[in-house]
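Participant: For reference, the structure I am asking about is given below.
The values are calculated or read from the model by the stated rules, or taken from the named source; none is laboratory data. As the structure is a prediction and not an experimental result, all values here were calculated from the model. So basically every Cβ, Gly included, is an ideal-geometry build from the backbone, and we count neighbours across all protein chains shown. Side chains are part of the model used for accessible areas, which takes the heavy atoms of the whole protein and leaves out ligands, DNA and RNA. Shrake-Rupley method; radii C 1.70, N 1.55, O 1.52, S 1.80 Å.
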Amino acid sequence: MINDDEKTTYTPRGGKILQIKYRNAIFRDSMCHLVGSLSQIATTVSAEIKKGCFPHLFSIKQNLNYQGHIPDWKYFDVPSWFKGSDGSYQELKEWHASQTDTWNFKNEAIEYCKNDVEILSRAIRNYHRVSIDRQLPSPLLYTTAPSHVHWCSLLRMNQQFEIPNVVTEEDKEAYHQWCIDNFGKTWCRLQKEEMCFSRMSLRGGRTEAFNLFANIKPGMIIK
């Protein structure tokens, strides 16, 4: 990908990259769809698999070929919020103290990464299946969860309308009036200048801004 930039496109948001397209492959950030840490996601995926624990502070060049006793507890860098959780912190310390087998850095690192990938893949499959079971587009077709919800809402809304055929000039006028009647109170849009101003002004997250479009008739009181 580094030497093939003309075939690689990015979708940035602030300091993050939401999506990378390379030829026919698309890489998307799962954190734009799944809420919570990987350990929290693991509890909702399956009781058979749990988020592993790894001594990240031990991951330095000098220790890449380490084999011996499991690294000291101080290298595990357990977050402070986890220490007050429901007994899990104490269980983790007891697990660490019970380890007597030879600890191989490379093997443990590989197994730790495999476990993380397995948790995430199961969560993504479940996330995909929820929409498919409801006969909705897969959320994996969209960059973020909000964009998926947006298009699902449009899909449901559009199913309520029967678009008339447009053949003659009279049909065009009737179609224009049909658009006003049906979308006047449910659709949003911005003028070109408003859209440009909003995109230049807003920072971070979604940069869309909408203005209610309604059919204003003479004598109507605007609140």
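Participant: With every protein chain present, what accessible area does W151 have (1.4 Å probe, heavy atoms only), rounded to the nearest 10 Å²?
Facilitator: Accessible surface of W151 is approximately 130 Å².
Participant: Would you calculate the separation in nanometres between label points at E118 and N65, each defined as 7 Å from the Cα along the Cα-to-beta-carbon direction?
Facilitator: Between E118 and N65, the label points sit 3.0 nm apart.
Participant: Taking R0 as 22 Å, what's the FRET efficiency between L57 and Y89 from their Cβ-Cβ distance, rounded to 0.05?
Facilitator: 0.80
Participant: While we're on this one: Given labels modelled 7 Å from the Cα in the Cβ direction, how far is it in nm from K50 to R23?
Facilitator: Label at K50, label at R23, 4.2 nm between them.
Participant: Take D77, D101 and sort them by solvent-accessible surface of the protein heavy atoms, 1.4 Å probe, largest at the top.
Facilitator: If we order D77, D101 from most to least accessible, we get D101, D77.
Participant: For H150 and E173, compute 0.36 nm times the residue count separating them, minus their Cα-Cα distance, and round to one decimal in nm.
Facilitator: 5.3 nm
Participant: Within the set K21/K114; K74/K106; K51/K74; K50/K93, which residue pairs have Cα atoms separated by over 21 Å?
Facilitator: Violating the 21 Å limit, Cα to Cα: K21/K114.
Participant: A further question follows. Run the simple label-point estimate for L140 and T9 please: 7 Å along Cα→C-beta, distance reported in nm.
Facilitator: 2.1
Participant: Ordering K7, K50, K74 from largest to smallest accessible area (1.4 angstrom probe), what's the sequence?
Facilitator: Most to least solvent-accessible, the answer reads K50, K74, K7.
Participant: Taking all protein chains as present, what is the carbon and sulfur share of the accessible area of region 111-155, in % to the nearest whole number, probe 1.4 Å?
Facilitator: 63
Participant: Quick query: amide H of L18 versus all other amide H atoms, modeled in the peptide plane; which residues come in under 5 Å with a sequence gap of 5 or more or a different chain?
Facilitator: Here the answer is T11, R13, since their amide H atoms fall under 5 Å of that of L18.
Participant: Accessible area, 1.4 Å probe, largest first: how do L57, L155 sort?
Facilitator: The residues order as L57, L155, largest area first.
Participant: Rounded to the nearest 10 Å², what accessible area does R134 have for a 1.4 Å probe in the complete protein model?
Facilitator: The accessible area of R134 comes to roughly 140 Å².
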